[in-house]
Amino acid sequence: MLGAGLGSDRHGELAPFGEVEDPRERARLLDEGLDRLAAYWAGELEPPPLQQPRIPVWLAARYPNRRPVRRAARWDGLFPIDLPGPEALAELVAEVRDLRGPDAGPFDFAAEFEPGADPAPWEQAGATWCLTGFGQTPRADDVRAAIAAGP
């Protein structure tokens, strides 16, 4: 799968490298880039990917923003960021299902939560992937403990 999103310029890391800072322009460029990738995967690139009809694409969306959710609904999965809880995920699941329609095919929803949290409420809300998040500075002991605990 390919994960994509607008990225963030919260810390001013885009300008020093000559990258686009405006989120609307980054969104336009993201859409354009994803369309080009889909065209390459559909036959403009040889050899074609083994995954057919193409490599799955998941898009990130910072909750409660809706434009990225609408973008993700055109692809294969949604990785919502900063969800306040499973009820917010259930809201997004319903919204994406409405946007995609009944015959759109499979779609994945990822949920990230703290180590040791119960995934059941997230699964009930519609999560197809449950990921343990360790924050910006993960501690090796916390990661080892989550691995040892298993799914």
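Summary of computed values
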quantity	calculated
Where D141, D9 fall by accessible area, highest first, once all protein chains stay in place (1.4 Å)	D141, D9
Accessible-area value, W41, 1.4 Å probe, nucleic acids and ligands omitted, Å²	30
Accessible area of the chain belonging to carbon and sulfur atoms, whole % at 1.4 Å probe	55
Heavy-atom accessible area ranking, 1.4 Å probe, most first, across T132, T137	T137, T132
Separation of the I147 and L2 label points, Cα + 7 Å toward Cβ, nm	3.0
Cleavage-rule hits (trypsin sites (Lys or Arg not before Pro)) in segment 17-71: DSSP loop, at most 13 neighbouring Cβ within 10 angstrom	R66
Size of charge dipole - segment 19-151 - debye, nearest 20, with Cβ of Lys, Arg +1 and Asp, Glu -1, no other charges	220
Structure-derived Rg/Rh (Cα atoms, Kirkwood Rh) - corresponding label in [x] 1.00; [y] 1.08; [z] 1.40	[x]
Accessible area (Å², 1.4 Å probe, nearest 10) - I147	130
Per residue, in Å², the accessible surface of the chain once ligands and nucleic acids are set aside, probe 1.4 Å	65
Accessible-area order (highest first, 1.4 angstrom probe) of the listed residues V93, V20	V20, V93
Stretch gain in nm, segment L45-N65, where the contour uses 0.36 nm per residue and the Cα spacing is subtracted	3.8 nm
Cα-Cα P(r), segment 64-151, percent of pairs per 5 Å interval	3, 14, 24, 21, 17, 11, 7, 3, 1
Rounded to the nearest 20 debye, dipole of segment 112-151 from Cβ charges on Lys, Arg, Asp, Glu	120
FRET efficiency for R97 and T137, using Cβ-Cβ distance with R0 set to 41 Å, rounded to 0.05	0.70
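The values are calculated or read from the model by the stated rules, or taken from the named source; none is laboratory data. Please read these numbers as outputs of a predicted model, since none were measured by experiment. FYI the Cβ positions are ideal-geometry reconstructions off the backbone, even for glycines, and counts take in every protein chain you see. Calculation scope for accessible area: heavy atoms of the full protein, side chains included, ligands and nucleic acids excluded. Shrake-Rupley method; radii C 1.70, N 1.55, O 1.52, S 1.80 Å.
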